[in-house]
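Undergrad: If you scroll down you'll find the structure; I have some questions about it.
The values are calculated or read from the model by the stated rules, or taken from the named source; none is laboratory data. On a predicted model such as this, the values are computed, not experimentally measured, just so you know. Note that each Cβ is placed from the backbone with ideal geometry, even for glycine, and that neighbours are counted across all protein chains shown.
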Amino acid sequence: MAWRTNLFFRVPVFFILMMSLGGCASPGLIIKNMEPIMEELNTSVNKNPDVDMVRDALPANLIQLDGFIEAAPNTKLLVRGSEGYFGYTFAFVEEKDKKRASMLYLKARDYALRVLMENRYFRQDFHKSPDVFKASLTELSKSDVPALYWAANNWMAWIALNLDNPEVLMDVPRVEAMLLRVVELDETYYYGSAHATLGAFYASRSKAIGGDPEQARYHFERAFELSGSRLLFVHLLYAQYYAYQIQDRELFVKTLEAVIATPVDYFPEKNFANEIAKRKAKVLLADVDSYF
């Protein structure tokens, strides 16, 4: 792990040297040649259970990504930037600084939207009525799923932080349509996480404004199935939104206690995300009396 951590901080220097000495090499070619290194760095971060170390390192990584995108934007970089900013904001910002988290979620959303805007139907109908916008989503294909998912996920997170502004509710049908389209095109993407987001969405609203506990339960159960119940944030959302919606305190407590008790390396590829879920579960459990 140490060599990967050291490499993390050497990459920007390496990039500058390549830009200076590469002569005729274009920024796009240089960045493309670095993609295998960036993949390994991403894998290393996801496997790392040391949340505090990752917290300290991520800002440099994200700023580096911003620079790469500025120099030579491409689909992979934009999607990676959208995912990275979402993870950082969800893990470390939204509970401490709502205004900053809102800004970062919009930045992450817009990175992914830049990919989707390459589709002319999506681009020309983006600001039209929800029905017209929803129809444009049929022009997207499975290859668009990563950008579609991260755009919707960040957008939904932004909405959740800004419910005191009634105007944000106008965006809800668009985000719901995007997530449903992800499920149609590839429900397995990111271990079925679109189902988890939809579950939280349907469980977070009253029936009067489109909430549906049965739909919520269906999507959570599908997310559990597709992830093999290994992604702890699915359980976290299940307790936070579904158990709360149906006012089942026992389910709430039992689910969160199970998350907290899960050992490190239960799902090695997602150690970091699972450790974040465990931290958030402790906060929710300590505040159980305010929910029930």
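Undergrad: Scan the stretch 156-167 and give yes if some residue there is free of Cβ contacts under 8 Å to residues at least 12 places away in the same chain, out of contact with any Leu (no Cβ under 8 Å at 6 or more places or on another chain), in a helix (DSSP H, G or I) and within 22 Å of Gly210 (Cα to Cα), otherwise no.
TA: yes
Undergrad: Just to be sure I understand the filter: pairs with C-beta atoms under 8 Å, separated by 6 or more residues or on different chains, first member in the stretch 277-290 and under 17 Å from Leu232 (Cβ atoms), second member of a type outside the set (Asp, Glu) and at pLDDT below 95. Which pairs pass?
TA: Leu284/Tyr291
Undergrad: Among Lys142, Lys99, Lys128, which is the only one that is in contact with an Asp or Glu (Cβ under 7 Å, 6 or more places away or on another chain) and of a type in the set (D, E, K, R)?
TA: The match here is Lys142.
Undergrad: For the stretch 202-218, check the following and say yes or no: at least one residue is in contact (Cβ under 8 Å) with a residue 24 or more places away in the chain, surrounded by fewer than 23 Cβ atoms within 10 Å (Cβ to Cβ) and closer than 25 Å to Lys96 by Cβ.
TA: yes
Undergrad: Do you know which residues across the stretch 122-136 are polar (S, T, N, Q) and under 14 Å from Met170 (Cα atoms)?
TA: Listed by number, the list holds a single entry, Ser129.
Undergrad: Please go through the stretch 103-160 and give me each residue that is among the basic types (Lys, Arg) and over 13 Å from Thr75 (Cα atoms), ordered by number.
TA: Lys107, Arg109, Arg120, Arg123, Lys128, Lys134, Lys142
Undergrad: For the stretch 82-96, does any single residue satisfy the condition of being of a type in the set (A, V, I, L, M), at pLDDT 75 or above and touching a helix residue (DSSP H, G or I) at 6+ places or on another chain (Cβ under 6 Å)?
TA: Within the stretch 82-96 (the criterion being of a type in the set (A, V, I, L, M), at pLDDT 75 or above and touching a helix residue (DSSP H, G or I) at 6+ places or on another chain (Cβ under 6 Å)), the answer is yes, since at least one residue qualifies.
Undergrad: What number of residues in the stretch 103-135 are surrounded by fewer than 20 Cβ atoms within 10 Å (Cβ to Cβ), of a type in the set (Ser, Thr, Tyr) and in a helix (DSSP H, G or I)?
TA: Adding up the residues that qualify gives 1.
Undergrad: Another question about this same structure. Can you tell me how many residues within the stretch 246-267 are assigned to a helix (DSSP H, G or I) and surrounded by fewer than 19 Cβ atoms within 10 Å (Cβ to Cβ)?
TA: Selection size over the stretch 246-267: 9.
Undergrad: Can you tell me which residue in the stretch 163-184 is surrounded by the most Cβ atoms within 10 Å (Cβ to Cβ), limited to those that are farther than 17 Å from Leu113 by Cβ and at pLDDT 95 or above?
TA: Out of the qualifying residues, it is Val183.
Undergrad: Next question. Quick one: would you say Phe272 is aromatic (Phe, Trp, Tyr) and touching a Lys or Arg at 6+ places or on another chain (Cβ under 6 Å)?
TA: no
Undergrad: Also, quick follow-up: Any residue at all in the stretch 50-60 that is farther than 22 Å from Pro268 by Cα and either at pLDDT below 95 or in contact with a Leu (Cβ under 7 Å, 6 or more places away or on another chain) (or both)?
TA: Checking the stretch 50-60: at least one residue is farther than 22 Å from Pro268 by Cα and either at pLDDT below 95 or in contact with a Leu (Cβ under 7 Å, 6 or more places away or on another chain) (or both).
Undergrad: Could you give me the residue pairs with C-beta distances under 8 Å whose first residue belongs to the stretch 254-273 and is closer than 23 Å to Ala57 by Cβ and basic (Lys, Arg), whose second residue is outside any helix (DSSP H, G or I) and at pLDDT 95 or above wherever it lies, and which are 6+ apart or on separate chains?
TA: Lys270/Arg230; Lys270/Leu231
Undergrad: Now a separate question. Only one residue in Ala277, Ala216, Ala243 is part of a helix (DSSP H, G or I), modelled with pLDDT of 95 or more and closer than 22 Å to Val54 by Cβ, so which one is that?
TA: Of the residues listed, the single one that is part of a helix (DSSP H, G or I), modelled with pLDDT of 95 or more and closer than 22 Å to Val54 by Cβ is Ala277.
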